[in-house]
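Notes follow once the structure below has been shown.
The values are calculated or read from the model by the stated rules, or taken from the named source; none is laboratory data. These numbers come from a predicted model, not from an experiment. Every residue, glycine as well, gets a Cβ built from its backbone with ideal geometry; the counts of neighbours run over all protein chains shown. The protein model used for the area step is the full one, side chains on, heavy atoms only, and it has no ligands, DNA or RNA in it. Shrake-Rupley method; radii C 1.70, N 1.55, O 1.52, S 1.80 Å.
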Amino acid sequence: MARTRKPRQEEDRLSDLMNIGVLTTRFPLDQIHEVLKETGRASERVRDLPAHVMMYYVIALGLFRPQDTREVLRLLQEGLKAILGERRRVKTAAKSAISQARTRLGVEPVKRLYEAVVQPVATEQTRGAWYREWKVVALDGFTLEVPDTEANRAAFARPESPSGGESAYPRVRGVALAEVGTHVLFAAEVDSYATGEITLARRVLPRLGPGMLCLADRYFPGYALWKQALETGAELVWRIRENIRLPLEKELPDGSFLARFHPRWENGKPQGEAIPVRVIDYQVDGGEKIRIITSILDWKRAPAAELAQLYHERWEFETALDEFKTHLRGARTVLRSQTPELVKQEIYGLLLAHFALRALMHEAALHAGRDPDRISFTHTVNVVRRTLPRFAALPPSGVDAAAPRGAGRDPGGRRRPAPAPQGQARRQAQAEPVPGATTE
């Protein structure tokens, strides 16, 4: 028991350092306003639910996936109680008002924020993030079920069910790049289930770059996609299908061999400009034979045995996906949005929430000198959820700093107001209406 209790206690202390107040620093209000201005979605008049509030609200929907939409807004407003005072009640906006505000916002600002902010976070000190000189990332696909509404049926296709016919729900297909060591999903594209993974992969590959080593499964490698990935400057280690011809040109001391990847074959002869690759064949314990190809042609820089072992780190993508799909979205549940635009908005909100949590976990791991994988994602989510109401400084509240210490009761037992944060902020908070609420 003693051998398992200590790591768990250390894990608790690390994740307890994380709270929603720190979470919002990932998405500064100035950057939110800039994104809204660029996309033409900034609020032109004062509303109960202005656009910048809804940006944070969409991220909060990702954090509080099991909660009702009004309950999420209510949780955001809880932090205002210390500033408004106990005599003033806050009335949460109706579901219809929330839905209309989300529709006005649309998906483009949320996606633009994701593209601007979310990026690999591993440093040289991050354990499990590197293979030799390269930062390891993985490319893979995923699907999400969406509500069975008329609009969603028209926009998103249904897969065939194992028993024949169509599945119960339409689905969204996505492809993403994940930083293996931190599980950060730093590039993602989503579309109808009818859209192929290769099509979506072409949209995310530009996020690769020099110094990265990308792992991918056998359903991705094709000449055009391989060439596009190489042009980013990243190194590649991809599994390939058995029907891809790669005739041996030169055997290497580590058991791998050099070959050429051709665009096509006609009448048994290769056609088009060839790309040199290195081929590694190996067999796993279960007997399955695996062939991978790599752009690292010098076997001394990356021996075959090491790359064969490294390839299986691709499964870290599945772990990141499980966090995104199960622990945030909820196991065996469909997304909540009823229209295609809001479905995509919700997905990027989930991705932003996942990034904020994973980035915080990475910082905690660096501080403790530990592998980020050793910190519980589930526990971190629970900590953030239960600490949200304690913070009056969530940007949608319009307050720039958390409720400061000093609030309490005077000697006569009356509640003493908190000192005004940053000069006039408290008076402004009392004078201005609360976003998304009415006062009585």
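Any residue in the range 324-339 that's farther than 14 Å from ALA60 by Cα and at pLDDT 90 or above: show its pairings with residues that are in a loop (DSSP other than H, G, I, E, B) and among the polar types (S, T, N, Q) at Cβ separation under 8 Å, as long as the two are six or more apart or on different chains. The qualifying pairs are GLN338/THR149; THR339/THR149. A Cβ distance below 9 Å, combined with a sequence gap of six or more or placement on separate chains, defines the contacts here; from the range 34-61, residues that are closer than 17 Å to SER96 by Cβ and at pLDDT 80 or above reach residues that are open to solvent by 60 Å² or more (accessible area, probe 1.4 Å) and assigned to a helix (DSSP H, G or I) in the pairs LEU49/GLN100; LEU49/ARG104; MET54/ARG104. With respect to the conditions (1) over 27 Å from ALA302 (Cα atoms); (2) of a type in the set (Val, Ile, Thr); (3) outside any helix (DSSP H, G or I), THR232 lacks only one, and its number is (1).
Okay, residues lined up against (1) surrounded by fewer than 20 Cβ atoms within 10 Å (Cβ to Cβ); (2) β-branched (Val, Ile, Thr):
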| residue | (1), (2) |
| --- | --- |
| PRO170 | no, no |
| ALA187 | no, no |
| GLY196 | yes, no |
| ALA201 | no, no |
| ILE240 | no, yes |
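It is to be established whether one or more residues within the range 324-335 are of a type in the set (A, V, I, L, M) and closer than 14 Å to ALA138 by Cβ. No, there is no match, as no residue in the range 324-335 is of a type in the set (A, V, I, L, M) and closer than 14 Å to ALA138 by Cβ.
Of all residues in the range 219-233, one or more are acidic (Asp, Glu), more than 21 Å from the chain's Cα centre (by Cα) and open to solvent by 40 Å² or more (accessible area, probe 1.4 Å). Within the range 103-140, the set of residues being within 14 Å of the chain's Cα centre (by Cα) and open to solvent by 10 Å² or more (accessible area, probe 1.4 Å) comprises LYS111, ARG112, GLU115, ALA116, VAL117, GLN119, PRO120, VAL121, ASP140. Scanning the range 325-368 for residues that are open to solvent by 10 Å² or more (accessible area, probe 1.4 Å) and among the polar types (S, T, N, Q) yields THR326, THR333, GLN338, THR339. Only one of the numbered conditions (1) open to solvent by 20 Å² or more (accessible area, probe 1.4 Å); (2) touching a residue at least 60 places away in the same chain (Cβ under 8 Å); (3) under 24 Å from GLU323 (Cβ atoms); (4) not charged (D, E, K, R) is not met by THR143, and that is (2). Can you tell me which residue in the range 70-102 is modelled with the lowest pLDDT, limited to those that are among the polar types (S, T, N, Q) and open to solvent by less than 30 Å² (accessible area, probe 1.4 Å)? It comes out as GLN77. In summary, LEU252 fulfils each of the numbered conditions (1) open to solvent by less than 40 Å² (accessible area, probe 1.4 Å); (2) among the hydrophobic types (A, V, I, L, M, F, W, C); (3) within 13 Å of SER295 (Cα to Cα) with the single exception of condition (3). Of the residues making up the range 260-285, those that are in contact (Cβ under 8 Å) with a residue 24 or more places away in the chain and of a type in the set (A, V, I, L, M) are ILE275, VAL277, VAL279, ILE280. Checking each residue in the range 146-156 for being touching a strand residue (DSSP E or B) at 6+ places or on another chain (Cβ under 8 Å) and open to solvent by less than 30 Å² (accessible area, probe 1.4 Å) picks out VAL146, PHE156. So for the range 290-297 (the condition being of a type in the set (Gly, Ala, Ser), more than 20 Å from GLY128 (Cβ to Cβ) and exposed (fewer than 15 other Cβ atoms within 10 Å of the Cβ)), does at least one residue qualify? Scanning the range 290-297, I find no residue that is of a type in the set (Gly, Ala, Ser), more than 20 Å from GLY128 (Cβ to Cβ) and exposed (fewer than 15 other Cβ atoms within 10 Å of the Cβ), so the answer is no. If the requirement is being at pLDDT below 90 and either touching a strand residue (DSSP E or B) at 6+ places or on another chain (Cβ under 9 Å) or under 27 Å from ALA259 (Cα atoms) (or both), which of these qualifies: VAL343, VAL284, VAL279? The match here is VAL284.
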